[in-house]
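A.B. asks: Below you'll find the structure I mean.
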Amino acid sequence: MQQTFYKYQGTGNDFVMIDNRQQTFDKNDTKRIAFLCDRRFGIGADGLILLENHPDLDFKMVYYNADGNESTMCGNGGRCLVAFAKDLGVIKEHAVFEAIDGLHHAEINNGIVKLQMMDVDTVEQYENHMFLNTGSPHHVQFEEKIEDFDIKTKGAKIRYGAPYNQEGTNVNFVSKVNNDTFRVRTYERGVEDETLSCGTGVTAVAIAMNRLKETDETLVNLNVEGGKLQVSFDIDNGVYKNVWLIGPATYVFKGTI
Ligand SMILES: N[C@@H](CCC[C@H](N)C(=O)O)C(=O)O
């Protein structure tokens, strides 16, 4: 069967989008999802996202990694899905939708999407890294310099190693630019490589850097390989609330396959 698809990207984290409001997409066909995301044999993307109807909210998000498996929350994917929903006429400037980690509010203006992320009440601090869940699991490691880093090799070692093992984690390497700006490079689980940006990843980095007192700002700039993102939050008794991921989300092309 011919499949209509749309391609979107958010700071270079790219996604195949499918309008599944009629429930025609076979969600169990892991191999086909991986094929659609394949950069040589398919369309090419870091993940595939279904936009589905929701009984009470604007829509529902279903996210798959490039390996074809359904996974946890994707921040950049969520922002791109908001842009897709607007282009389809499902929403105007505001959206409330359900994803695997719960309900998300979002706003879109001039191609910039603000997506509310889940509250974060636990930030695990270790000798040379931090671990937190911002909808997806993130290992955050501070480094002096990351420009010459072999992210794929170093990231895979951490992702598959103890204590993460088979379930794995995403791995973010961070260096400081100034008091409110950090450079981030991310190895993504399920893509099993460096991606140009990771939304839940930069959210984790902004919170971790605040907790480490590397920044005292509550609006943090994150420079990623594919562009610039911002994360803002409030801190209430050690809990990070009202967390927003902010940045561009762009339509690339559409087709059938
Ligand atoms: N690119 C995403 C994260 C997607 C999920 C991740 N690969 C996982 O399986 O944990 C983002 O923008 O947050």
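The values are calculated or read from the model by the stated rules, or taken from the named source; none is laboratory data. The structure displayed is predicted, hence computed values, not measured ones. Don't worry about glycine lacking a Cβ; one is built from the backbone with ideal geometry, like all the others, and counts go over all protein chains shown. Note: accessible area is taken over every heavy atom of the protein model, side chains too, but ligands, DNA and RNA are not part of it. Shrake-Rupley method; radii C 1.70, N 1.55, O 1.52, S 1.80 Å.
A.B. asks: Of everything in the stretch 191-216 that's more than 13 Å from the chain's Cα centre (by Cα) and open to solvent by less than 10 Å² (accessible area, probe 1.4 Å), which residue is farthest from the ligand (Cβ to nearest atom)?
C.D. replies: The extreme case among them is T215.
A.B. asks: Oh, and also: Could you tell me which of the residues R32, R39, R21 is more than 16 Å from the ligand (Cβ to nearest atom), over 22 Å from H105 (Cα atoms) and open to solvent by 60 Å² or more (accessible area, probe 1.4 Å)?
C.D. replies: R32 is the lone residue from the list that is more than 16 Å from the ligand (Cβ to nearest atom), over 22 Å from H105 (Cα atoms) and open to solvent by 60 Å² or more (accessible area, probe 1.4 Å).
A.B. asks: Is it fair to say G155 is open to solvent by less than 80 Å² (accessible area, probe 1.4 Å), within 16 Å of the ligand (Cβ to nearest atom), outside any strand (DSSP E or B) and touching a Gly at 6+ places or on another chain (Cβ under 8 Å)?
C.D. replies: Working: open to solvent by less than 80 Å² (accessible area, probe 1.4 Å): yes; within 16 Å of the ligand (Cβ to nearest atom): yes; outside any strand (DSSP E or B): yes; touching a Gly at 6+ places or on another chain (Cβ under 8 Å): no.
Judged against the criteria, G155 is not a match.
A.B. asks: Restricting the search to the stretch 126-144, which residues are of a type in the set (F, W, Y) and within 16 Å of the ligand (Cβ to nearest atom)?
C.D. replies: Our first condition is that a residue be of a type in the set (F, W, Y); within the stretch 126-144, this holds for 126, 131, 142.
Matches in the stretch 126-144: F131 only.
A.B. asks: Can E188 be described as within 18 Å of G75 (Cα to Cα) and open to solvent by 50 Å² or more (accessible area, probe 1.4 Å)?
C.D. replies: Criteria not met by E188.
A.B. asks: Kindly indicate whether Y164 is more than 18 Å from the chain's Cα centre (by Cα), within 14 Å of the ligand (Cβ to nearest atom) and under 20 Å from S136 (Cβ atoms).
C.D. replies: In short, yes.
A.B. asks: While we're looking at this one, here's another question. Which numbered condition trips up M61, out of (1) touching a residue at least 24 places away in the same chain (Cβ under 8 Å); (2) within 16 Å of the ligand (Cβ to nearest atom); (3) open to solvent by 40 Å² or more (accessible area, probe 1.4 Å)?
C.D. replies: Here M61 meets the rest and fails (3).
A.B. asks: Has the stretch 145-152 got any residue that is part of a strand (DSSP E or B), in contact with a Lys or Arg (Cβ under 6 Å, 6 or more places away or on another chain) and within 16 Å of the ligand (Cβ to nearest atom)?
C.D. replies: Looking through the stretch 145-152, none of the residues is part of a strand (DSSP E or B), in contact with a Lys or Arg (Cβ under 6 Å, 6 or more places away or on another chain) and within 16 Å of the ligand (Cβ to nearest atom).
A.B. asks: A further question follows. Determine, yes or no, whether V243 is closer than 20 Å to T122 by Cβ and more than 12 Å from the ligand (Cβ to nearest atom).
C.D. replies: Yes.
Yes or no, residue by residue, for (1) closer than 25 Å to A204 by Cα; (2) away from the ligand (no atom under 16 Å from the Cβ); (3) among the aliphatic types (A, V, I, L, M); (4) buried (at least 16 other Cβ atoms within 10 Å of the Cβ):
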site: N28; (1), (2), (3), (4): no, yes, no, no
site: G44; (1), (2), (3), (4): no, no, no, no
site: L88; (1), (2), (3), (4): no, yes, yes, no
site: F97; (1), (2), (3), (4): yes, no, no, yes
site: I108; (1), (2), (3), (4): yes, yes, yes, yes
site: V120; (1), (2), (3), (4): yes, no, yes, yes
site: E124; (1), (2), (3), (4): yes, yes, no, no
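A.B. asks: If you take the residues of the stretch 167-178 that are within 12 Å of the ligand (Cβ to nearest atom) and either over 14 Å from H139 (Cα atoms) or assigned to a loop (DSSP other than H, G, I, E, B) (or both), which of them is most open to solvent (accessible area, probe 1.4 Å)? Explain how you work it out, then say what you get.
C.D. replies: First pass over the stretch 167-178, keeping only residues within 12 Å of the ligand (Cβ to nearest atom): 167-172.
If we keep only those that are either over 14 Å from H139 (Cα atoms) or assigned to a loop (DSSP other than H, G, I, E, B) (or both) as well, we get 167-169.
Numbers: E167: 144, G168: 8, T169: 0 Å².
If we take residues in the stretch 167-178 being within 12 Å of the ligand (Cβ to nearest atom) and either over 14 Å from H139 (Cα atoms) or assigned to a loop (DSSP other than H, G, I, E, B) (or both), then E167 is most open to solvent (accessible area, probe 1.4 Å).
A.B. asks: Only residues that are farther than 17 Å from A85 by Cα, of a type in the set (S, T, N, Q) and away from the ligand (no atom under 16 Å from the Cβ): list them for the stretch 1-18, please.
C.D. replies: Q2, Q3
A.B. asks: (1) of a type outside the set (G, A, S); (2) over 26 Å from T215 (Cα atoms); (3) away from the ligand (no atom under 13 Å from the Cβ): which one isn't true of T181, the others all being true?
C.D. replies: Among (1) of a type outside the set (G, A, S); (2) over 26 Å from T215 (Cα atoms); (3) away from the ligand (no atom under 13 Å from the Cβ), T181 violates only (2).
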